[in-house]
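The values are calculated or read from the model by the stated rules, or taken from the named source; none is laboratory data. The structure presented is a predicted model; accordingly, all values stated were derived computationally and were not measured. Heads up, the Cβs are rebuilt from the backbone with ideal geometry, glycines too, and the neighbour counts pull from every protein chain shown.
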Amino acid sequence: MGSSVFLENLVSASEFNHGKASQTFKRVQDDNPVVVLKNNKPTAVIVSPNDYRRLTEAEENFVLYQEAMERLKNDSGKRLTEVEVFGKESEVDDGYEPEFE
């Protein structure tokens, strides 16, 4: 986001409370996050539901990535058995189907 676009997407809390809410929401719908200022300090960022979903999915994926990297770093080479993972042996489909006449 360029600095001019960023500056256009600032709204003070008092402006927001005095009639600029609908204009603010319109800008957010156009995929432009809006920063709400209170006492000239950012206090909130309003984003579209799509942007919020994208950001939370990215955060979840990053956490999973970090866990995977930590596991790889600490990998002892030992592999867990099916019972250790699932708590019981699963029923394996061997592909055999009896014929009925």
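Any idea which of (1) at pLDDT 85 or above; (2) closer than 28 Å to ASN9 by Cβ is the one THR24 doesn't satisfy?
That leaves (1) as the condition not met.
Could you identify the single residue in LYS88, LYS73 that is among the basic types (Lys, Arg), over 27 Å from the mean Cα position of the chain (by Cα) and more than 30 Å from GLU8 (Cα to Cα)?
LYS88
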